[in-house]
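One structure below.
The values are calculated or read from the model by the stated rules, or taken from the named source; none is laboratory data. Since the model is a prediction, treat every value here as computed from it, not as a measurement. Neighbour counts run over all protein chains shown; Cβ positions are idealised from the backbone, glycine included. Ligands, DNA and RNA are stripped out before the accessible areas are found, and what is left, the full protein with its side chains, is counted by its heavy atoms. Shrake-Rupley method; radii C 1.70, N 1.55, O 1.52, S 1.80 Å.
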Amino acid sequence: MLSQNGIPTVNDLQQVMPSEERLNKGPVAIAECFQCIPCNPCSTACPVHAITVQPDINQTPVIDWDRCIGCRQCVAACPGLAIFVVDMTYRPDMATVTIPFEFLPVPAKGMKAQGLSRAGAPLGWFEVVEARQARGNNLTWLVTLAVPKDLAMEVRNIKAGGYRNE
Ligand code: SF4
Ligand code: SF4
């Protein structure tokens, strides 16, 4: 349970997931942010004003998925590493998941990285299709993994140092 171990339940996640119809239209942000804290960098970073944290800054963010263009700026901006971008249109059988990453070394494009669940359980080895640092002074990396579609809502972490060249 979220309040005891920090891991959201299926019910928690249902509250923040885009519809299947929206997921099938292209990359979209998912904010797995459940705690009421005074925070809004995700909102100010969004170039198309798709995220609102109002009228009280302690509220959790709400994403307008019809506006979201999947640019990933909110992923880099979130200090809680709570936002991910999922693209279910990557390939017929594969999706991509962009994960904020703040460990060194960072896996490079073309490597395989070990993907983990929200609870830290290993889910497999997945191709890194992109790894880039956020803009400006933000040292957060954005690592994008290609994963089977049935794991697109499960892979949410990368094991630090869990990379291989193949
Ligand atoms: S992915 Fe880009 S467009 Fe979508 S909510 Fe985040 S910052 Fe806004
Ligand atoms: S920046 Fe991250 S932690 Fe802060 S409100 Fe947005 S999603 Fe939540």
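Given the options GLY80, GLY26, name the one that is of a type in the set (Gly, Ala, Ser), more than 14 Å from the chain's Cα centre (by Cα) and surrounded by 13 or more Cβ atoms within 10 Å (Cβ to Cβ).
Only one candidate passes the filter, namely GLY26.
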Examine region 118-126 for a residue that is closer than 25 Å to ASN40 by Cα and either of a type in the set (Asp, Glu) or within 16 Å of ligand 1 (Cβ to nearest atom) (or both), and state whether such a residue exists. no
Could you say which residue among ASP87, ASP66 is within 15 Å of ligand 1 (Cβ to nearest atom), under 17 Å from PRO18 (Cβ atoms), open to solvent by 60 Å² or more (accessible area, probe 1.4 Å) and at pLDDT 95 or above? ASP66
Tally time: how many residues in region 122-139 are surrounded by fewer than 17 Cβ atoms within 10 Å (Cβ to Cβ) and under 21 Å from GLY80 (Cβ atoms)? 7
In region 42-86, the residues that are more than 10 Å from ligand 2 (Cβ to nearest atom), polar (S, T, N, Q) and part of a loop (DSSP other than H, G, I, E, B): GLN54
Just a yes or no: is a residue in region 107-117 surrounded by fewer than 17 Cβ atoms within 10 Å (Cβ to Cβ), out of contact with any Asp or Glu (no Cβ under 9 Å at 6 or more places or on another chain) and assigned to a loop (DSSP other than H, G, I, E, B)? yes
What pairs can you find where one residue is in region 1-26 and more than 18 Å from ALA152 (Cβ to Cβ), the other is assigned to a loop (DSSP other than H, G, I, E, B) and open to solvent by less than 40 Å² (accessible area, probe 1.4 Å), and their Cβ atoms are less than 8 Å apart, with a gap of 6+ or different chains? LEU2/PRO8
With respect to the numbered conditions (1) open to solvent by less than 60 Å² (accessible area, probe 1.4 Å); (2) in a loop (DSSP other than H, G, I, E, B), which one is the sole condition not fulfilled by ILE158? (2)
Look at region 6-23 and say how many of its residues are open to solvent by 90 Å² or more (accessible area, probe 1.4 Å) and not in a loop (DSSP other than H, G, I, E, B). 5
Count, please, the residues in region 132-155 that happen to be in a loop (DSSP other than H, G, I, E, B), out of contact with any strand residue (DSSP E or B) (no Cβ under 8 Å at 6 or more places or on another chain) and modelled with pLDDT of 95 or more. 0
